[in-house]
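Values in this text are rule-based calculations from the coordinates and carry no lab data. These numbers were taken from a predicted model, which means no experiment stands behind them. As a convention, Cβ positions derive from the backbone with ideal geometry for all residues, glycine included, and neighbour counts pool all protein chains shown.
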Amino acid sequence: MPVFSLDPVQTAWCAELRELAVGTLRPLAARGEPGRVNRPLLAALAERGLLTRMFTGPPGVSPGGFPGAEGGGFANGGGSAVPGEAGRALELCLMRESLAYGCTEAETALALQGLGAWPVARAGTPAQRARWLPEVTAGRAVAAFALSEPGAGSDAAALALRAVPDPRTGRDGWLLTGEKQWISNAPEADFYTVFARTAEGTGSRGITAFLVPADRPGLSGSALEMLSPHPVGRLVFDGTPVTPADVVGEPGRGFRVAMDTLNLFRPSVGAFAVGMAQAALDATLAHTAARTAFGGPLKDLQSVAHQVAEMATRTEAARLLVLSAAAAYDAGDPEVPRRSAMAKLFATETAQYVVDTAVQLHGARALRRGHLLEHLYREVRAPRIYEGASEIQRSVVAKALYARHSADRRQEGGT
């Protein structure tokens with residue numbers, strides 16, 4: 001069922017997260033080194049239970065509300081880290097929007113832990129979950145999602161990283177050879193969820209997911225100089241050994257592991273964008289109400305007021321689309337890929353518009369280093385590219401629409 005409003009408990013929790021982001025997490029982020037993993041920031045997220053909550057849901061809520069409410073899970077290696085799905089995507093979206101409003105670095109640190117470790121929580125073996133997930137949720141181990149390559153970014157099915165049988169072990173292992181690029185948290189992560197080709201000429205069906213610790217022989221990496229405040233890097237696999245114990249999910253089914261992860265996280269990328277848009281909108285409301293020009297406050301100029309109204313309307317529409325996509329995921333809707341793509345597409349494009357308009361209405365002061373909007377202006381650009389560029393999201397939406405149209409025509413007896 002689509003979500004059109006939050007209940008009082010959720011609203012209060014979002015307010016608490018905003019306060020936490022501004023009062024506690026933002027100072028930690030400011031002390032971090034750009035382009036490096038901020039481990040004190042991760043520790044603070046862990047201390048407040050947010051990393052655990054990303055995987056298990058809030059404590060003390062009945063199983064009818066959020067997953068993992070009864071405790072247990074992966075802490076001792078027993079049971080599943082995914083005891084249920086109800087509320088999971090909505091929970092993630094609320095966290096990401098609220099943290100992004102007050103501290104984009106904290107939001108990104110939390111999201112990257114989830115993106116890198118979610119395949120393990122979802123499809124990993126009990127041993128993999130027992131070894132790594134407690135470390136991830138405690139903020140001691142940094143996770144990374146290693147999908148993109150120099151020649152396979154938006155076209156994820158075109159992966160070239162090869163996993164060939166290890167001649168030393170025969171069928172019991174592989175050697176990874178090739179590169180990954182544009183990998184968030186690389187080269188500083190403690191482990192990587194790596195997607196490699198185990199069968200040639202089979203497209204997406206020949207991809208396997210592996211859990212690869214950073215200290216595995218033959219694995220090296222280097223940092224890339226990027227606009228982002230978090231590390232983004234390149235990984236090189238030079239005969240890196242992996243075994244059946246490292247497989248996440250099933251051999252040859254890694255593309256599904258990747259897409260399942262992205263279907264969950266794409267709406268929450270939209271939530272990240274909505275958080276930035278809301279922060280820019282609120283800053284603009286305050287500025288245009290106080291700033292005087294041409295004999296009165298800026299808000300009294302119709303051209304300004306109409307721009308602010310447009311910013312607010314688009315932000316609210318983006319939020320509702322994100323919540324609707326999250327609700328669809330939590331309900332097991334078969335059209336999750338389309339809804340997730342719509343949410344990420346509209347929300348990230350909206351945030352770009354809202355932040356850009358906010359800068360315009362603030363004038364030169366918004367471009368001064370250290371200004372909130374200068375920070376948001378740098379942060380807002382990347383989400384339109386990663387986890388599937390806007391052009392890919394449009395393709396996903398169109399393909400789903402035409403597939404549904406064809407199915408409806410067949411059902412009606414048409415051609």
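Please rank THR24, THR261, THR11, THR288, fewest neighbouring Cβ atoms within 10 Å first, as an exposure proxy.
In increasing order of surrounding Cβ atoms, one gets THR11, THR24, THR288, THR261.
Are there trypsin sites (Lys or Arg not before Pro) in segment 346-415 that DSSP marks as loop and that have at most 13 other Cβ atoms within 10 Å, and which are they?
ARG368, ARG369
Which one, ALA277, ALA127, ALA144, has the greatest fluctuation when you compute a Gaussian network model over the chain with C-alpha springs under 10 angstrom?
Comparing ALA277, ALA127, ALA144 in the GNM, the peak value goes to ALA127.
Once you put a point 7 Å from the Cα of ALA331 and another 7 Å from the Cα of ARG205, both along the Cβ direction, what distance in nm separates them?
The modelled label-to-label distance comes out at 3.3 nm.
Restricting to the chain, compute how many DSSP beta bridges are antiparallel as a %, nearest 5. Don't skip to the end; give the middle numbers.
Numbers: 31 of 37 bridges.
Antiparallel: roughly 85 percent of the beta bridges in the chain.
If you average the sequence gap of Cα pairs under 8 Å that are 6 or more apart and divide by the length of the chain, what percent do you get for the contact order?
Result for the chain is 15 percent.
For the pair PHE294/ALA30, report the inter-label distance in nm, with labels modelled 7 Å from Cα in the Cβ direction.
About 3.6 nm separates the two model spin labels.
Size of the dipole of segment 256-411 about the Cα centre, Lys and Arg at +1 and Asp and Glu at -1 on the beta carbon, nothing else charged, in debye to 20? Mind showing how you got there, number by number?
Details: 20 positive and 15 negative charges, 67 e Å.
Rounded to the nearest 20 debye, it is 320 debye.
By how many nm would the segment from ARG162 to ASP238 grow when fully extended, if each residue of separation counts as 0.36 nm and the alpha-carbon distance is taken off?
26.3 nm
Could you state the number of Å between the C-alpha centres of segment 271-308 and segment 90-138?
34 Å
Measuring from centroid to centroid over Cα atoms, what is the spacing of segment 350-404 and segment 167-219 in Å?
31 Å
Relative to the present Cα-Cα distance, how much length would full extension add between ALA403 and GLU16 at 0.36 nm per residue of separation?
Result: 135.1 nm gained on full extension.
I want to verify a result. In a Gaussian network model of the chain, Cα cutoff 10 Å, which of these has the top mean-square fluctuation: GLY206, GLY363, GLY239?
Maximum among the listed residues: GLY363.
If r is the Cβ-Cβ distance from ASP215 to GLU391 and R0 is 45 Å, what FRET efficiency results, to the nearest 0.05?
0.75
For MET226 and SER5, compute 0.36 nm times the residue count separating them, minus their Cα-Cα distance, and round to one decimal in nm.
On the way: separation 221, 0.36 × 221 = 79.56 nm, distance 3.70 nm.
Using 0.36 nm per residue and subtracting the Cα-Cα distance, I get 75.9 nm.
Could you work out the relative contact order of segment 176-301, using alpha carbon pairs under 8 angstrom and six or more residues apart, expressed as a whole percent?
The value is 26 percent.
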